[in-house]
1. In segment 61-75, what residues are farther than 16 Å from residue 32 by Cα and within 24 Å of the chain's Cα centre (by Cα)?
2. Give me the residue from segment 153-173 that is in contact (Cβ under 8 Å) with a residue 40 or more places away in the chain and in contact with a strand residue (DSSP E or B) (Cβ under 6 Å, 6 or more places away or on another chain) and, out of that set, farthest from residue 138 (Cα to Cα).
3. So residue 53 passes all but one of these: (1) out of contact with any strand residue (DSSP E or B) (no Cβ under 6 Å at 6 or more places or on another chain); (2) within 16 Å of residue 114 (Cα to Cα); (3) not in a helix (DSSP H, G or I). Which condition number does it fail?
4. Where residues in segment 29-50 are touching a residue at least 24 places away in the same chain (Cβ under 8 Å) and in a helix (DSSP H, G or I), which of them is farthest from residue 75 (Cα to Cα)?
5. Taking segment 89-116 on its own, how many of its residues are closer than 22 Å to residue 156 by Cα and either touching a residue at least 12 places away in the same chain (Cβ under 8 Å) or in contact with a helix residue (DSSP H, G or I) (Cβ under 9 Å, 6 or more places away or on another chain) (or both)?
6. Give 106, 74 a once-over and let me know the one that is loosely packed, with under 14 Cβ neighbours inside 10 Å and at pLDDT below 95.
7. Since residue 57 meets every condition but one in (1) out of contact with any helix residue (DSSP H, G or I) (no Cβ under 6 Å at 6 or more places or on another chain); (2) surrounded by 21 or more Cβ atoms within 10 Å (Cβ to Cβ); (3) not assigned by TED's automatic domain parsing to the domain that holds residue 112, which condition does it not meet?
8. So, of the residues in segment 181-201 that are touching a strand residue (DSSP E or B) at 6+ places or on another chain (Cβ under 9 Å) and touching a residue at least 60 places away in the same chain (Cβ under 8 Å), which turns out to be farthest from residue 19 (Cα to Cα)?
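The values are calculated or read from the model by the stated rules, or taken from the named source; none is laboratory data. Computed from a predicted model, the values in this text were never measured in an experiment. No Cβ is skipped: glycine too gets one built from the backbone with ideal geometry, and neighbour counts run over all protein chains shown.
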């Protein structure tokens with residue numbers, strides 16, 4: 001039995017990946033469609049990377065412009081204005097809420113996200129699910145640090161944790177700490193995981209926490 005489950009949020013608990021894509025498109029639309037397409041391509045391939053890192057990278061790489069910390073903060077605040085209400089309102093990944101409610105009775109639940117921690121807490125509160133989670137970890141810390149904090153703070157061993165994610169950032173953090181990882185596949189990430197041979201799900205409908213996950217697709 002797992003003692004703790006870590007969830008990414010966008011694309012794992014909520015169908016909110018497109019909301020974030022739309023926000024990046026809005027921010028970079030003044031620079032033309034070519035830049036927007038480059039931004040969206042990178043964004044979709046690097047879920048879990050914080051918006052602070054992405055904005056700095058996009059300016060330096062796609063616009064060939066340096067950007068100050070003050071300017072990054074201004075754009076990330078604008079990003080938050082675009083997304084918070086929409087993320088609160090977006091639909092759940094099918095079965096996710098019921099799975100969270102069921103697992104909450106058996107083990108500790110955690111959020112590990114690239115979204116800023118305070119914003120993530122605001123979203124969880126707005127969705128009325130904050131009480132299900134023992135702790136919430138977001139940017140600026142990276143997910144490797146999130147897991148290290150969970151292991152230390154809650155006295156858990158890697159084999160006692162399970163991580164549901166949808167990005168290479170999630171997979172990398174879980175692999176670094178030798179934690180079992182389950183990939184949630186959706187239309188925005190499928191082409192980035194063609195070589196992944198671990199367990200996958202498309203939704204949480206009928207998924208049993210006690211199911212022994214093999215190295216094959218769980219097919220839910």
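1. First pass over segment 61-75, keeping only residues farther than 16 Å from residue 32 by Cα: 66-75.
Of everything in segment 61-75, those that are farther than 16 Å from residue 32 by Cα and within 24 Å of the chain's Cα centre (by Cα) turn out to be 69, 72, 73, 74, 75.
2. Initially, segment 153-173 is screened for residues in contact (Cβ under 8 Å) with a residue 40 or more places away in the chain, giving 154, 156, 160-170, 173.
Imposing the further condition that a residue be in contact with a strand residue (DSSP E or B) (Cβ under 6 Å, 6 or more places away or on another chain) reduces the set to 156, 161-164, 166.
Details: 156: 20, 161: 18, 162: 18, 163: 15, 164: 15, 166: 16 Å.
Among those residues, the one meeting the criterion is 156.
3. (3)
4. Going through the qualifying residues, I end up with 45.
5. Number satisfying all stated conditions: 14.
6. 106
7. Tallying (1) out of contact with any helix residue (DSSP H, G or I) (no Cβ under 6 Å at 6 or more places or on another chain); (2) surrounded by 21 or more Cβ atoms within 10 Å (Cβ to Cβ); (3) not assigned by TED's automatic domain parsing to the domain that holds residue 112, residue 57 fails exactly one: (2).
8. The residue in question is 184.
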